[in-house]
Amino acid sequence: MEAPKAKAIPKVLEIHGDRRIDPYYWLRDRENPNVIQYLEDENTYYRWYMERLKPLTDELYEDMVARIPDAEERVPVQGNQYYYYTRMEKSLQYPIHARKRATSRDALADAEEEILLDLNALAGDGYLSVTVLATSPDEKRLAYLENRDGTDRYTLFVKDLETGEMLPDRIDNVFIEGSMAWSADGQYLFYITVDEAQRPYRLYRHQLGRPAEEDVLLYEEGDETCILTLAKSQSGRYLFLTSSTKTSTEVRYLPADQPLGTWTLFRPRQANVEYELEHWEGEFLVLTNLQRPNFSLFRHPIAPCEDHRLAELFPYDPARYLTGVHPFREALVIEGREGGLTQIWTYAGGRLERLAWDEPLYTVSVSNNRRYDTREVLIQYESFLTPRTTYALDPVTGTRKELHRQPVNGPFDPSAYVQERLWAKAGDGTDVPISLVYRKDARNGGPAPCILYGYGSYGHNLDPMFMPTLLLPLLDRGVIYAFAHVRGGSEMGRQWYENGKMLAKKNTFTDFIACADALIREGYTAPEKLAADGRSAGGLLMGAVANMGGDRFAAISAGVPFVDVVTTMLDPTIPLTTLEWDEWGDPRDETYYFYMKSYSPYDNVEPKRYPHLIVTTGLNDPRVAYWEPAKWVAKLRATKTGQEALVLKTHMGAGHFGSSGRLEHLRESAEIHAFLLYHIGVSPKNASAS
């Protein structure tokens with residue numbers, strides 16, 4: 001079948017005395033039937049091409065599904081009268097949220113289950129995303145957010161947990177996360193709505209049982225580079241409204257038992273100063289990077305901030321990057337990073353103690369905890385080879401007790417695998433960490449097939465996780481799976497992030513190429529056996545790497561890739577663009593314009609051979625518009641040389657995260673990985689791909 005070719009309709013884009021000719025600008029108009037037809041033609045071509053990979057795809061999918069436990073249940077979290085948990089059955093697409101009334105964890109086995117929300121009953125045949133489930137303080141009502149089109153616009157619903165009935169309260173255009181909180185008396189809901197660009201910008205107060213039209217607007221964020229988020233303190237005593245860019249924050253607070261009161265500004269925003277608030281022992285806790293890039297923790301009286309009244313709890317350590325604080329009545333539990341890994345510290349009696357772990361690579365985090373007055377804090381630990389394990393941590397003594405370990409379906413012997421860290425040398429001499437996991441026998445025959453995953457933006461980290469449905473089917477086929485911890489993430493501290501953004505963004509791309517070179521040089525893999533994978537900003541990474549170092553790779557997967565950087569960042573009407581200027585720069589400034597143009601994948605497509613490419617997108621994606629990957633693929637088809645495969649799949653009914661159902665999501669993952677494996681020389685176990 002011949003690949004589709006989009007019609008070239010040149011459009012001149014000019015700024016700073018520079019002219020760009022964009023032949024596929026017209027693909028932005030989703031109301032144009034020719035645009036939809038082109039996307040459908042690409043989907044038809046995708047299905048035709050993927051048919052040859054069906055044996056491998058089906059085999060991968062079956063192996064993935066086989067690794068799903070018959071039933072999964074998260075450790076119940078203690079509330080006031082109930083323990084709350086989520087469970088999942090193997091045959092179901094969505095989780096079930098439930099609770100049991102019990103006075104202790106030991107009594108749970110005999111307690112009756114109460115279903116709060118069964119997403120399978122809600123789903124129907126289309127897309128469904130449910131986020132931010134919040135029970136009222138008296139535990140009688142449940143507020144939750146629901147979306148059915150893949151955008152970031154959610155609808156707030158309230159359910160009466162005593163009768164099981166849905167209340168008439170319904171509010172549209174609420175943001176996907178960090179956007180809803182109850183007052184202490186459970187009579188009011190505070191929520192954040194989005195503007196036309198899907199930027200969370202308005203805070204409202206809703207009185208339960210009253211029409212949404214009567215809701216009171218409390219605050220509007222007028223700065224188009226800022227977003228609003230809403231949270232409640234662990235103590236339940238305060239609500240915090242944060243207005244933030246990627247480099248600065250300001251927080252307003254309100255006593256939760258005074259819903260009609262006035263919000264108070266703690267500290268006005270200041271360039272390059274970030275902070276967050278919590279409440280503990282009658283004071284505020286302030287986690288901030290004020291004068292210290294890796295953040296310090298201070299106390300401050302409950303009053304507007306005066307910097308001289310900030311009292312540091314413990315001395316600053318530049319090797320320790322603090323990322324979160326969780327107050328409990330008798331102690332603090334603090335999250336952060338040290339040595340390139342996540343860490344947890346307890347702070348009690350004036351002493352800071354770090355929890356120790358046995359493995360060389362791991363991820364540890366503080367789980368969801370509802371109670372403030374508790375000596376049982378749930379934390380989670382996992383690695384590439386250790387299933388997600390939930391511990392009950394006593395924050396005062398630091399002792400911990402294992403409560404639950406994620407079940408693994410099918411045979412799994414951790415001693416048959418290796419997890420290790422390798423270091424690559426970047427062009428400027430920086431050591432870049434790579435995390436690897438593989439079967440011990442994978443390298444016996446020389447260089448092995450390898451998938452190198454990367455992201456490298458927003459300070460987001462790629463930490464070791466136990467992913468049996470993905471990793472075990474790959475590792476058991478002799479594949480090495482590697483994560484490149486490139487600059488732009490914050491694996492090595494805040495400066496690791498700062499050195500991979502704005503006018504240092506190219507470090508992200510060259511770091512990834514250096515990681516590929518290290519894997520090849522050390523004999524782990526070879527260019528004809530190496531694939532790369534990344535999504536969203538990681539898709540930008542894939543596009544830049546394809547241009548700058550594509551000869552290192554046989555195949556690349558770019559999921560919802562942000563590849564038309566300059567054009568998007570010049571258009572403030574596109575959802576979320578204005579929020580991104582602190583990450584990439586504002587190309588209305590010519591310094592940023594020309595720097596971004598020098599790496600933008602779409603603007604740097606060349607007439608040369610590219611790796612085999614699989615590209616995916618969603619028609620309703622508000623974060624990376626469908627037209628970016630569509631334009632990129634169209635330009636690649638018209639420009640690149642060679643016979644390497646290039647396929648584009650557009651999900652016509654979803655957004656940034658693809659299918660919402662678990663099994664559908666696994667099917668999509670199987671397709672993508674079958675494409676990569678096929679092109680790095682991995683065949684089905686029982687048949688050869690034709």
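The values are calculated or read from the model by the stated rules, or taken from the named source; none is laboratory data. Values in this document were obtained by computation on a predicted structure and should not be read as measured data. Don't worry about glycine lacking a Cβ; one is built from the backbone with ideal geometry, like all the others, and counts go over all protein chains shown. Surface accessibility is based on the protein's heavy atoms, side chains included, excluding ligands, DNA and RNA. Shrake-Rupley method; radii C 1.70, N 1.55, O 1.52, S 1.80 Å.
Tabulated data for the structure shown
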| quantity | calculated |
| --- | --- |
| Selection from the range 463-484 of residues that are in contact with a Cys (Cβ under 8 Å, 6 or more places away or on another chain), outside any loop (DSSP other than H, G, I, E, B) and within 22 Å of Asn686 (Cα to Cα) | Ile480 |
| Complete set of residues in the range 132-147 that are open to solvent by 30 Å² or more (accessible area, probe 1.4 Å) and under 16 Å from Ser179 (Cβ atoms) | Val132, Leu133 |
| Qualifying positions in the range 188-212 - part of a loop (DSSP other than H, G, I, E, B) and more than 15 Å from Leu156 (Cα to Cα) | Asp195, Glu196, Ala197, Gln198, Arg199 |
| Flag for Tyr275 being buried (at least 20 other Cβ atoms within 10 Å of the Cβ), of a type in the set (Ser, Thr, Tyr), within 23 Å of the chain's Cα centre (by Cα) and under 30 Å from Gly150 (Cβ atoms) | no |
| Scan of the range 475-518 for residues that are touching a helix residue (DSSP H, G or I) at 6+ places or on another chain (Cβ under 8 Å), of a type in the set (S, T, N, Q) and either open to solvent by 30 Å² or more (accessible area, probe 1.4 Å) or free of Cβ contacts under 8 Å to residues at least 24 places away in the same chain (or both), ordered by number | Asn499, Thr510 |
| Tally, over the range 95-128, of residues that are at pLDDT 90 or above and either touching a strand residue (DSSP E or B) at 6+ places or on another chain (Cβ under 8 Å) or part of a strand (DSSP E or B) (or both) | 21 |
| Criterion (within 21 Å of the chain's Cα centre (by Cα), polar (S, T, N, Q) and buried (at least 19 other Cβ atoms within 10 Å of the Cβ)) met by exactly one of Thr363, Thr386 | Thr363 |
| Output for the range 197-209, where each listed residue is without any contact (Cβ under 8 Å) to a residue 40 or more places away in the chain and either open to solvent by 60 Å² or more (accessible area, probe 1.4 Å) or among the basic types (Lys, Arg) (or both) | Arg202, Gln207 |
| Enumeration of residues in the range 576-598 that are hydrophobic (A, V, I, L, M, F, W, C) and open to solvent by less than 10 Å² (accessible area, probe 1.4 Å) | Trp584, Met596 |
| Members of the range 464-494 found to be in contact with a Phe, Trp or Tyr (Cβ under 9 Å, 6 or more places away or on another chain) and polar (S, T, N, Q), listed by number | Ser490 |
| Matching option when the condition is of a type outside the set (Asp, Glu), touching a residue at least 60 places away in the same chain (Cβ under 8 Å) and in contact with a Cys (Cβ under 6 Å, 6 or more places away or on another chain), among Ala424, Ala448 | Ala424 |
| Enumeration of residues in the range 57-77 that are modelled with pLDDT under 95 and open to solvent by 40 Å² or more (accessible area, probe 1.4 Å) | Ala66, Asp70, Ala71, Glu72, Glu73, Arg74 |
| Looking only at the range 6-62, and only at residues there that are part of a loop (DSSP other than H, G, I, E, B) and over 33 Å from the mean Cα position of the chain (by Cα), the one that is farthest from Val565 (Cα to Cα) | Lys7 |
| Residue that is under 14 Å from Ile451 (Cβ atoms) and of a type in the set (A, V, I, L, M), where the choices are Val486, Val479 | Val479 |
| All positions within the range 148-177 that are open to solvent by less than 30 Å² (accessible area, probe 1.4 Å) and either assigned to a loop (DSSP other than H, G, I, E, B) or among the β-branched types (Val, Ile, Thr) (or both) | Gly150, Thr151, Asp152, Thr155, Val158, Leu161, Ile171, Val174, Ile176 |
| Among residues of the range 638-683, those that are modelled with pLDDT of 95 or more, of a type in the set (Phe, Trp, Tyr) and open to solvent by 30 Å² or more (accessible area, probe 1.4 Å), counted | 1 |
| Number of the condition not met by Tyr25 [criteria: (1) surrounded by fewer than 17 Cβ atoms within 10 Å (Cβ to Cβ); (2) closer than 30 Å to Gln643 by Cα] | (1) |
| Test result for Asp564, without any contact (Cβ under 8 Å) to a residue 12 or more places away in the chain and in contact with a Ser or Thr (Cβ under 8 Å, 6 or more places away or on another chain) | no |
| Failed condition for Glu31, given (1) in contact with a Lys or Arg (Cβ under 9 Å, 6 or more places away or on another chain); (2) farther than 30 Å from Leu471 by Cα | (1) |
| Breaking point among (1) open to solvent by 40 Å² or more (accessible area, probe 1.4 Å); (2) farther than 20 Å from Ser104 by Cα; (3) not hydroxyl-bearing (Ser, Thr, Tyr), for Leu355 | (1) |
| Residues satisfying the stated conditions in the range 8-19, i.e. touching a residue at least 24 places away in the same chain (Cβ under 8 Å) and not hydrophobic (A, V, I, L, M, F, W, C) | His16, Asp18 |
| Filtered residues of the range 547-575 (kept if aliphatic (A, V, I, L, M), within 22 Å of Tyr610 (Cα to Cα), in a loop (DSSP other than H, G, I, E, B) and open to solvent by 10 Å² or more (accessible area, probe 1.4 Å)) | Ala554 |
| Restricting the range 621-636 to residues that are open to solvent by 10 Å² or more (accessible area, probe 1.4 Å) and at pLDDT 85 or above, the residue that is nearest to Pro572 (Cα to Cα) | Ala625 |
| Thr323 within 30 Å of Pro473 (Cα to Cα), among the β-branched types (Val, Ile, Thr) and open to solvent by 10 Å² or more (accessible area, probe 1.4 Å) | no |
| Residue that is open to solvent by 20 Å² or more (accessible area, probe 1.4 Å), of a type in the set (Phe, Trp, Tyr) and in contact with a Leu (Cβ under 8 Å, 6 or more places away or on another chain), where the choices are Tyr188, Tyr127 | Tyr188 |
| Residues of the range 256-266 satisfying the condition of being open to solvent by less than 30 Å² (accessible area, probe 1.4 Å) and touching a residue at least 40 places away in the same chain (Cβ under 8 Å) | Ala256, Pro259 |
| Hits in the range 63-82 - residues which are outside any loop (DSSP other than H, G, I, E, B) and under 30 Å from Asn686 (Cα atoms) | Asp63, Met64, Val65, Ala66, Ala71 |
